[in-house]
Structure formats: C-alpha cells, structure tokens
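Everything below concerns the one structure shown next.
The values are calculated or read from the model by the stated rules, or taken from the named source; none is laboratory data. Since the structure is predicted, the reported quantities are computational estimates derived from the model, not experimental observations. We place every Cβ from the backbone using ideal geometry, glycine too, and count neighbours over all the protein chains shown. The protein model used for the area step is the full one, side chains on, heavy atoms only, and it has no ligands, DNA or RNA in it. Shrake-Rupley method; radii C 1.70, N 1.55, O 1.52, S 1.80 Å.
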Amino acid sequence: MTNTKPNDGQFYALHLLRGIAAILVMLLHLHGYLTDEPNFVPSGHLAVDLFFVLSGFVIAYSYDDKLKSGMVFKQFAAVRLIRLFPLYALSIAIALLIVAITVAEKGWGAYSRLDLLGTFLCSSLFLPTPPPLSTFPEILFPWNGPAWSLFFELLINF
C-alpha cells in the first residue's frame, strides 16, 4: 500500500481554501461596518461550514499518528488548549480594555458588576456566558463573539 500523505505533511490547497473561507467569514461579520448592502457576502454563512469541515480534516490528519501511537486524551487536550488559548486570552484582554474605557467614560453604571464578573469568569474559562450574567445577554460569548466556534471545536474534539 502506498503512502498517500504529502511528503511535508501540508495540504496547501486546503490551507488556501481555509484561508478564503476565513476571509469570507470575517467579511460576513464585518459587513455592517463596511456597507449597508444586506447581501454583501451572499451565502457567506456556508464558509463557516466549509472552514469547520476543512479544519476537522486538518486536525484529524495532524493528530492521527500521535493518537494511534499512544497520545492520551489529557495530552491531546493540553496541546489543543495551548494552541488556541493565547490568542483567545489576548481577545479577552482587549475586551477588558474596552470595558475599562467604557467604565472610565460612563462610570460603573455602564455595566452591572455581577454581569462583569459573570462574563469575565465564563470568558476566562472558554464557556458561554448565561444571559442573566452577561454584559451583552444576546451573545453567548460577549467579549469574543466568534469564540462560539472555538468552544464547539473544543467540545467536539474532547
């Protein structure tokens, strides 16, 4: 049986497709800031699905041999969290900065302290924030809206 894996372990066409999908998703999220056109990225939500499918394949490919050769769940979870958490933590730090600026401009009345605490704790643990404890109850991840995708990626991985 011949080895069908690329020599360098890279799938350049898939990375290109993932990049295009990521840009389309970004444009989908930014469309309100860029234009009033309602169909700025028609069917852009499908890029989310494409990105997930391609990412799932890349993750499965990357860890297949390691898992077969004895990598345990704890090691896999640690590797995934170490890969994802730094940028996520940066986004939470930026959100905290924005909260601090808002509080400095509008006073503590801008947010409920319980909502701030609930949002901070849930965000710090990569968990959705329950609406009664959220600074923005209509959003599951109020300090990093796209984190819902990372949450579900980790949930599915685990």
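The residues of region 102-127 that are within 26 Å of ILE59 (Cβ to Cβ), part of a loop (DSSP other than H, G, I, E, B) and open to solvent by less than 40 Å² (accessible area, probe 1.4 Å) amount to a single one, PHE126.
Given the condition free of Cβ contacts under 8 Å to residues at least 24 places away in the same chain and within 16 Å of GLU153 (Cβ to Cβ), answer yes or no: does some residue in region 85-108 qualify? Even if it seems obvious, please write down each step before you answer.
If we filter region 85-108 for residues that are free of Cβ contacts under 8 Å to residues at least 24 places away in the same chain, which is where we start, we get 86-87, 89-90, 93-94, 97-98, 100-108.
Then keep just the ones that are within 16 Å of GLU153 (Cβ to Cβ); that gives 86-87.
Yes, region 85-108 contains a residue that is free of Cβ contacts under 8 Å to residues at least 24 places away in the same chain and within 16 Å of GLU153 (Cβ to Cβ).
Given the structure, is LEU150 surrounded by 14 or more Cβ atoms within 10 Å (Cβ to Cβ) and modelled with pLDDT under 85? So LEU150 passes the test.
Before we move on, is HIS31 at pLDDT below 85 and in contact with a Phe, Trp or Tyr (Cβ under 6 Å, 6 or more places away or on another chain)? Break it down stepwise before answering.
Numbers: at pLDDT below 85: yes; in contact with a Phe, Trp or Tyr (Cβ under 6 Å, 6 or more places away or on another chain): yes.
In short, yes.
Pairs linking a residue in region 129-158 that is closer than 23 Å to SER112 by Cβ to a residue that is assigned to a loop (DSSP other than H, G, I, E, B) and among the hydroxyl-bearing types (Ser, Thr, Tyr), with Cβ atoms under 7 Å and 6 or more positions apart or on different chains, are THR135/TYR111; LEU140/THR129; PHE141/THR129; PRO142/THR129; PRO142/SER134; PRO142/THR135. ASN39 falls short on exactly one of the conditions (1) assigned to a helix (DSSP H, G or I); (2) open to solvent by 90 Å² or more (accessible area, probe 1.4 Å), and that condition is (1). Number of residues in region 128-143 that are within 24 Å of HIS29 (Cα to Cα) and either among the charged types (D, E, K, R) or in a helix (DSSP H, G or I) (or both) equals 2.
Number of residues in region 45-101 that are touching a helix residue (DSSP H, G or I) at 6+ places or on another chain (Cβ under 6 Å) and open to solvent by 40 Å² or more (accessible area, probe 1.4 Å) equals 2. Across region 61-86, the number of residues qualifying as modelled with pLDDT of 90 or more and closer than 18 Å to PHE141 by Cβ comes to 1.
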